[in-house]
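Only one structure is covered here, and it is reproduced in the block below.
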Amino acid sequence: MSAVEILKSIEILRGKLNTLGSNKPLVDPEVVQLSQRLDLLLNVYYSMRDVA
């Protein structure tokens, strides 16, 4: 996965998380899971950026 693809995925997940977080409690398992996926992608992106 390229950095551009990761950034696109990050933006999509951010949007989903904002929507979901507005409609459900932040401790809802679905919100937590989506947040963890976003964290993972952010970590991957920043580690790629630091290497380059």
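Which percent of the accessible area of the chain is formed by carbon and sulfur heavy atoms (probe 1.4 angstrom)? Could the numbers behind the result be given before it?
Values: 2280 of 3930 Å².
On the chain, the fraction of accessible area on carbon and sulfur atoms equals 58 percent.
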The helix 3-23 Cα axis meets the longest alpha-carbon principal axis of the chain at an angle in degrees, between 0 and 90 and rounded to 10, of 10
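Translational diffusion coefficient of the chain at 25 °C, 0.890 mPa s, Stokes-Einstein with Kirkwood Rh over Cα pairs, in µm²/s as a whole number. Each step should come with its number before you reach the end.
Details: Rh = 11.5 Å.
Rounded to a whole number, D works out at 213 µm²/s.
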In nanometres, the difference between 0.36 nm per residue of separation and the alpha-carbon distance of Met48 and Gln36 is 2.5 nm
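The values are calculated or read from the model by the stated rules, or taken from the named source; none is laboratory data. These figures come from a predicted structure and were not determined experimentally. The accessibility values were calculated without ligands, DNA or RNA, using every heavy atom of the protein model including side chains. Shrake-Rupley method; radii C 1.70, N 1.55, O 1.52, S 1.80 Å.
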